[in-house]
Each structure stands twice: as structure tokens, then as C-alpha cells.
Amino acid sequence: MSSSKPPKGLLGRSRRLIQMSSQVVLKEVGNQLTHKLSQAEETRQKAIQIKNQIEQAHIIVKQLRHLRGAAMKVGQWMSLEGKDYFPPEVIRVLETLHDQSITMKWEDTEKILKKEWGSLFKEVQELSHKPIAAASIGQVHQGKINNEQVAIKVQFPGISESIHSDLKILKKTFGVLIRFTKKNIEMDSVFEELQNVLIQEVDYEHEAQSLKKYREFAQELEGVRVPLVFEQFSTRHVLTMSFEKGIRISDWMKQSPSHEDRVRYADRFLRLYLREFCSWGFVQTDPNPGNFFIDLEKDELVCLDLGAIKTYDSGFRGKYGHLVEAALNQDLKALRVSALELGLLDERESVEAFELLFEIVSSAVLPLNQNQFDYKDSSYPDRLQKLLRKFIQVLEYSPPPKLLIFLHRKLGGIYQILKTLEVTMDTSVYVKLFFEYLEESTDQKYIIKE
């Protein structure tokens, strides 16, 4: 982690992003000229175009890493979700945004803490001057309050104020890159979704309330732990929580845990998701592996980040259950009825749209309904993402069903975690739990044909 100051204020950020966008556009002009001048040299032309696009990606990464905040978050998101938009060479460049984080100097962090805490600043002991972790929106410091170890998330200055302007410029920039791929992809709904998520993630007061509520829910689950919020030391820009011990999933896997242990944690992830959606209607929609720890000493799964929570009321959950019921029963007619009731599709949509929705729901529940499912080798997540994008492209009257997209992205993320755990397991029990939990919380009844 290195320390550097991004430009102050919206004007400075916008100027940097506009300069970056201009460089990308100039590269694109070069790409188009190459296309016109080298029609007969297709192999050479393609190599030059990819080289230029990689250079464009390097320009973007350099600036986004420096600016942090919403800008960097968009780049990270594109590296994960842009595999159908960009060639793999470009994705590899964008993925480097996950590897390094630029941090604030201690003097700047101290000013923020003193401003946010006031006189309470003196009550925190052993406050680390160097962050123990950092991301696009903020960094984490360690300290003690009343002899209890705490983790303190400090938000970078100006992040919340810059979201709208950052995304407005970046939508145009990535639009240029996408047009170069010759794909006609509408980015408005994607960036609208990103903006809504980011606005929620930068509100640490909202995250504190989510942590409290989620912690209460999770008490009914064995082997799952959620940090305790120190409310007096938490504000819109600073979030103070109990310091939780543990290691990341990838580091645990390096210790070669037994398959039995890996299956036990896979089971906890699946049961946690089923409770989130079916029972609580309170879903953490960012299943990044970095948001979880494995506490080997206490044998517990630790949930660290609840900035991206979506709520689903009992009406939606009950109807969604009937959508899944129809998919499992291979009943396209019933699925069409459920989709219309949920407002997922306009009745004027094509037969192809309803058939694709049928495929999406059937694919989404596939890993939860197998006697032996190998999470290591399946192509499930790629298939699901491609179906979702194809589905969105064929819609003529309906906006993208964001509630469904969030939910199935969460499922895809859980799948990736289980793939990292390299488990093969009987998942048929989870479909039974899915409907059991829904019947308990929604008063709906479901019948699955044998």
C-alpha cells in the first residue's frame, strides 16, 4: 500500500477523469484509422487493436487507482463483470485494481477522526498510524476502546460527493471501449445500479444499522459471527466495530484443510444465504471472498462487510418461490404467470424473453438440487451470467429486473466461494430448506413434482 493524495474537490476529480477519457478517445481514433488503413492485414490489424485497447486500459487503471472512490470501484466492478464486454487481455489489466490500494497519510486520517469524533478521539488507545487494510472507498485502522480491540473504517474524503460526477464521465469512457468491441451494449442501467449501490456503501451510518440488524438475525445460526458496532464512535464517514480475528478463505485453502472441513464451511455459506433471502429478506449482495474470514480457533465464519444490503419483502419472496417452483417443475406457463405477478417482465415481451427467464431461474437453482455437485469444475457461473446478459438484450418493454439481477449475482458469488473451497457435495437438501424457510416466513405453500 502506498500513500498519495487524489485531487481535492469535484472540479479536480472531473478534470483528471476528462483528461483520462480524452486519452482513451484518442486511442480509439487510432484504432479506427488502423482499421481503415489495414483491411488486408487482418491478423496484424487485430494485434494492433488489442495492443491499443490494452494501453487504454492501462491509462484507465493508472488514473482510477489514484482517484480511488467511486471511480476505482467502477474499474473493479468492470474487471469482474466485463468479461463479455472486453477481451481477456484488457480484463487482466483491469484486475490489477484489486491488487493495490493507495492509502491516506496518518496526518490526513487523524484530521478526519478528530473532526468526526470530537473529544472522543482521546478515548481511543493504541490507534495504529498505518492502516491494516485498504480498499477503494476507505481504509481500516486498529485501536482499543475500553481495553477492547476495535477495527475503524475511515472513509476517504470527498467520496460520497463525487459519485455522480465520476460515474457520468466513466460511463462515456467505458462506452468508448465497449464500442471498440463492436458490441451494442446499453450501459445506462448498469451505471444506475452502480450508483445506487455506491450511495449506500458510502453511508457508514446505514452500514452500522445493517450490521446491528444482521447480527441479531445471525444469532440463530451456528458457526456464524458478525462484528459488534461501537455506535458512539461511528458516524457517516467512520465506522467502528469489534476487531475480528481470522484468515481469508484463499489463505485457509493454502493450509490444505480436509474436505470435511471445507464442506462444513460450504454448508454455512449456503445456509446463511437461504436464511438471508427466505427467512430474513435481508441479503448481503456483495459476496466478495474478502468480505469473510474463517476463524479456525472458534470454528466460525465471520461476516465483515455489510455495506451492500438489499431487502426483499415477504410478498416478493413468496412470489419468487413460485417462480423457482415453476422452474423446478419445468412449467413454463406457471413461470410466465409468476414473472408477470413479480413485475419481472411486461406481458408484451417475446416468447424468447420468457423462455430465457425460465432458463435463468432453472440455472440459478441447479447447484442447490444435485445429489453430488462438483463446485470446482462446473461452468455454472459463466452460463448464468451469459444468460442474464442475453436476457437483458432481448427485452423490448421491460427494464432489467434489478431485484433478480442482484439476487442471482449473489448466488453466482456464493458459487465462486464454494468453487474456491473445491467441494463436491450433496446439495439436494438445500432446495428443501429453501421452500421450508419460505413457507415459514411467507405463508405460501409449494409443491415440487418428483
Q. Given the pairs Lys105/Lys245; Lys115/Lys213; Lys122/Lys153; Lys73/Lys376; Lys144/Lys298, which are separated by over 19 angstrom at their Cα positions?
A. Lys105/Lys245; Lys115/Lys213; Lys73/Lys376; Lys144/Lys298
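Arrange Ser119, Ser136, Ser338 by Cβ neighbour counts within 10 Å, fewest through most, would you?
Working: Ser119 7, Ser136 25, Ser338 21.
The order, fewest Cβ neighbours first, is Ser119, Ser338, Ser136.
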Q.
On a full-extension model of 0.36 nm per residue, what is the gain between Val394 and Lys114, subtracting their alpha-carbon distance, rounded to one decimal in nm?
A. 95.5 nm
Q | Spin-label pair Lys122/Ser165, simplified geometry with 7 Å Cα→Cβ offset, distance in nm | A | 3.8 nm
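Can you tally the net charge around Phe316? Count Lys and Arg as +1, Asp and Glu as -1, for every other residue whose Cβ sits under 11 Å from the Cβ of Phe316.
+1
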**Q.** Coil-residue GluC sites (Glu not before Pro) of the range 331-372, DSSP, other Cβ within 10 Å capped at 16
**A.** Glu347
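I need the peptides 246-253, 418-425, 283-290 ranked by packing, meaning the mean over residues of other C-beta atoms within 10 angstrom, with the highest value on top.
Details: 246-253: 15.5, 418-425: 19.5, 283-290: 17.9.
Going from most to least packed, we get 418-425, 283-290, 246-253.
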Q: For Ile247 and Arg383, calculate 0.36 nm times their separation in residues minus their Cα-Cα distance, and state this gained length in nm to one decimal.
A: 45.9 nm
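Once the other residues with Cβ under 10 Å from the Cβ of Tyr446 are scored (Lys, Arg +1; Asp, Glu -1), what is the net sum? It would help to have the intermediate numbers written out before the result.
Numbers: positive: Lys445; negative: Glu325, Glu436, Glu439.
Summing Lys and Arg as +1 and Asp and Glu as -1 gives -2.
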Q) Which residues in the range 348-367 have a backbone N closer than 13 Å to a point placed 7 Å from the Cα of Leu340 along the Cα-to-Cβ line? A) 348-351, 354
(Q) I want to check the label-to-label distance for Asp313 and Glu148. Put each point 7 Å from Cα in the C-beta direction and report it in nm to one decimal. (A) 3.5 nm
Q.
In whole Å, what are the extents of the range 245-450 along the principal axes defined by its C-alpha atoms, from largest to smallest?
A. 55, 35, 35
Q. Can you sort Cys303, Cys278 so the residue with the fewest Cβ neighbours within 10 Å comes first?
A. Cys303, Cys278
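Here, each number is a calculation from the coordinates, and none is a lab measurement. Keep in mind the model is a prediction, meaning the values are calculated, not measured. In this analysis, Cβ positions are derived from the backbone assuming ideal geometry, glycine residues included, and neighbour counts consider all displayed protein chains.
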